[in-house]
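Step one of this worksheet: look at the structure below.
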Amino acid sequence: MPFYKNLDSTTVEGKRTTEALLRLRTELDIAIPTKTIDPTLLLATWNIREFGGTKSGGREDEPLYYIAEVISHFDMVAVQEIRDNLDTLDELMFILGDWWKYLVSDVTLGAQGNNERHAFIYDTRKITFGGLAGELVPEMKKEGGVLKSDFAFSRNPYIAGFKAGWFKFTLCTQHFFYGESKADDPQRLLEAKTVVQLLKKRMQSNDAWANNSILLGDFNIFSTKDETLQAI
């Protein structure tokens, strides 16, 4: 359970937050399977919009308590849209407790990268970091003695290796390009196809860190009929 020791239920805000947390916990206990030591592995993906920094006004303490309560019901959560400033993430980790850790990517430079990071937040009582962490990038071609690529992700997918007991696996998280407000934006569709190709190639390699790979993220899919969904 997260640490709520800084909550003062004698204040109006503290009383409201405490009551809301109790309601939230009750609903989460109903909606989400109970965490176990061995038989299950509870994974989630969550785009926490503009998480960190002061863009859009930042976040106060109260929503961080609610975010921590949700995350605590899982063994691991892949988070998208963490900003370049990590202060808010560190505040969240303090609420979650010392047994929670995170891995975070660097930002992808350029306007489309939006100074966003990917992160894996995980409960070390269940999950062990396996040592593998990096970004997926398209294969390069050599032209005239120079390496070139025909394609680039708007935000590079982030991949890391973990262990849960005997189960060894890699997680890949990605925030696909949004573009225009329509299904199957060409860049988004190509990102979906490319990330699957790159993951598949790694899984089929004899030197793969793990044969089990899970893709999580914000795919900006409009419906189950999208080509983007079919691609993954």
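The values are calculated or read from the model by the stated rules, or taken from the named source; none is laboratory data. Here the structure is a predicted model, which means the values were calculated and not measured. When we count neighbours, we look across all protein chains shown, and the Cβ atoms used for this are built from the backbone with ideal geometry, even at glycine. The protein model used for the area step is the full one, side chains on, heavy atoms only, and it has no ligands, DNA or RNA in it. Shrake-Rupley method; radii C 1.70, N 1.55, O 1.52, S 1.80 Å.
Summary of computed values
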| quantity | calculated |
| --- | --- |
| Electrostatic dipole magnitude of region 6-65 [Cβ: Lys, Arg +1; Asp, Glu -1; Cα centre; debye, to 20] | 140 |
| HN-Hα J in Hz across region 43-51 - Karplus 6.51, -1.76, 1.60, θ = phi - 60°, x for Gly and Pro | 10, 9, 10, 8, 8, 8, 4, 6, 8 |
| Hz values of 3J(HN,Hα) by residue in region 75-87 - Karplus curve (6.51, -1.76, 1.60), Gly and Pro given as x | 8, 7, 10, 8, 10, 10, 6, 6, 7, 5, 7, 9, 4 |
| Average silhouette area of region 1-126, convex hull of alpha-carbon atoms, in square nanometres | 8.3 |
| Those GluC sites (Glu not before Pro) in region 107-204 that DSSP places in a loop and that have at most 11 other beta carbons within 10 Å | Glu180 |
| Fraction of beta bridges assigned by DSSP in region 117-232 that are antiparallel (%, nearest 5) | 70 |
| Convex hull of Cα atoms in the chain, direction-averaged projection (nm²) | 15.2 |
| Counting DSSP beta bridges with both ends in the chain, the antiparallel % (nearest 5) | 70 |
| Kirkwood Rh and Cα Rg combined as Rg over Rh, evaluated for region 148-232 | 1.01 |
| Lys, Arg +1 and Asp, Glu -1 on Cβ, resulting dipole of region 25-94 about Cα centre, debye, nearest 20 | 200 |
| Antiparallel bridge percentage (DSSP; both residues within region 38-164; nearest 5) | 75 |
| 5 angstrom amide H check on Asp218, placed H, neighbours 5+ away | Gln174, His175, Phe176 |
| Among Leu215, Phe176, Ser205 the positive-end extreme of the charge dipole of region 173-220 (Cβ point charges) | Ser205 |
| Residue-by-residue Karplus 3J(HN,Hα) for region 26-37, coefficients 6.51, -1.76, 1.60, Hz, glycine and proline x | 4, 5, 5, 4, 6, 7, 10, x, 5, 5, 10, 6 |
| Student exercise, the chain dipole from Lys, Arg, Asp, Glu Cβ charges, in Debye to nearest 20 | 680 |
| Accessible area of the chain divided out per residue, in Å², using a probe of 1.4 angstrom | 54 |
| Sequence of Arg16, Arg117, Arg23 when ordered by accessible area, the most exposed leading, probe 1.4 angstrom | Arg23, Arg16, Arg117 |
| Percent accessible area from carbon and sulfur atoms, region 1-118, protein chains only, probe 1.4 Å | 54 |
